[in-house]
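Here the structure is laid out as structure tokens; the discussion comes afterwards.
Rule-based calculations on the coordinates, nothing more; no lab input. For clarity, every value in this text was computed on a predicted model and none was experimentally measured. Quick reminder, even Gly has a Cβ in these numbers, built from the backbone with ideal geometry, and neighbours come from all protein chains shown.
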Amino acid sequence: MAFIKDTAFEVKVSNHEFDSTANITGIFENGSGERESCSAGFLCVRKELLGNEGYTDVGPTGATVTIQNENSWSMAAAAADDLAQKGIYACNPFDVNMLTDPVTGGVYKVGSNTLGLPAPAGYPVTYTKIRFDNDHVYRFGTGNMSAAVGSNTFFTIADGLLVPAAVAPTASGAAYFELVKTGNFTQGAYNGFAYYDLRACTATGSGS
């Protein structure tokens, strides 16, 4: 995908220390199955297990097999209705030191100032499962919004981005986020772009 400016992702309120499946390894692919870079906080779903590197199409001619990883996946852009069947994950390169320059395409390792940089194309990075339990809170950048937020306090999901809305969805089981607070990212002396702390929720109403 093209780099999306001012995107970011952090887990703010979570019990993920006790959940070993909250963070998985993934490589982002576009709708054509091509591997691309992935912006921080871009919302994704799992597609299929990745082959274990060095063990793809191995064996005698005509009987080759691919040994797959246990919990490493190719990832694709998420929509709101993916929650029930697939689970929704956010690209989480904030604590990963291998990153890519969105201008030059260069891949490099850094020790700091990783905020807002995308995951490099074709490299496995962390994808964090969003827990839509009305408790977990996640921090996204203003670039993760599909439109200006304005006075909206609810957010649905479309094509991997957050869609501001004036009211929460009412269809039972629908995934959405509710605004907790907003501010500006800081990293060292850097006063950066706007962030939104969002509580991940699931609608329980009977609407359609």
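Given +1 at the Cβ of Lys and Arg, -1 at the Cβ of Asp and Glu and no other charges, the dipole of segment 120-195 around its Cα centre is 140 debye to the nearest 20.
Taken along its three principal axes, the alpha carbon spread of segment 102-184 comes to 44, 25, 22 Å, from the longest extent down to the shortest. Charges were assigned to the Cβ only: +1 to each Lys and Arg, -1 to each Asp and Glu. The resulting dipole of the chain about its Cα centre is roughly 340 debye. The calculated 222 nm mean residue ellipticity attributable to helices in the chain amounts to -500 deg cm²/dmol, summing -39500 (n - 2.57) over DSSP H runs of n ≥ 4 and dividing by all residues. The gain in end-to-end length when the D159 to L49 segment is fully stretched comes to 37.5 nm, 0.36 nm per residue minus the alpha carbon separation.
If you take all other residues with their beta carbon under 14 Å from the beta carbon of G105, and give Lys and Arg +1 and Asp and Glu -1, the sum is -1.
Could you estimate the translational diffusion coefficient of the chain from the Stokes-Einstein equation, with Rh from the Kirkwood formula over C-alpha pairs, at 4 °C and 1.567 mPa s, in whole µm²/s? Translational diffusion coefficient: 73 µm²/s. Note on the chain: Lys pairs 8 or more places apart or on different chains, Cα atoms under 17 Å apart, count 5.
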